[in-house]
Amino acid sequence: MNKHRKLILFAILVFAPIICFCQTHKLATINTIVNEMAANNLYERSATIGYAGTDSKQLELYEQLKATASANELIDVAMNHKSAVVRLYAFDALKQKTKIIPKSLIEKFGSDSTEVMTLTGCIGEKNV
């Protein structure tokens, strides 16, 4: 029995830091994605944008956010991030991940009158 306890203790000591590192790295990745979205500060609605039809960097970041963040992390970003563009992308990603959206989040978005600059193809406009 003593041998099993040592083995379990060894496993905990080896794997616990790895698990913690992975979670910390994931949060850093999510923060990097949303910070870049916020810096761009543009809600791009098509895969290609502008007159030249360049690839949408924001949609690439959106796909990364959707693939990386859990539903709970997306709820946190959608509720609390200072950038309206980031909140909107997080809300969209959440709708893709789950059918159940918290009522408090729906109410927050329903009462939010923040304007964001949108770009669809080569047409830009401000929307609420």
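We did not get these values from a lab; they are worked out from the coordinates using the rules stated. Worth saying up front: this structure is predicted, and the values here are computed from it rather than measured. Heads up, the Cβs are rebuilt from the backbone with ideal geometry, glycines too, and the neighbour counts pull from every protein chain shown.
Among the aspartates and glutamates, select those whose C-alpha is under 20 Å from the C-alpha of LYS95, and discard any that sit fewer than 8 residues away in the same chain.
Within the straight-line limit of under 20 Å, LYS95 reaches these aspartates and glutamates: GLU44, GLU60, GLU63, GLU73, ASP76, GLU107, ASP112.
Quick one: if you stick a label point 7 Å off each Cα along the C-beta vector at SER104 and ASP76, how many nm between them?
With each label point 7 Å from Cα toward Cβ, the separation is 1.4 nm.
Length gain on complete extension for the stretch ALA38 to LYS95, per 0.36 nm per residue less the alpha carbon to alpha carbon distance?
Values: separation 57, 0.36 × 57 = 20.52 nm, distance 1.99 nm.
Using 0.36 nm per residue and subtracting the Cα-Cα distance, I get 18.5 nm.
Dipole size in debye (nearest 20) for the stretch 59-126 around its Cα centre, Lys and Arg Cβ +1, Asp and Glu Cβ -1?
220 debye
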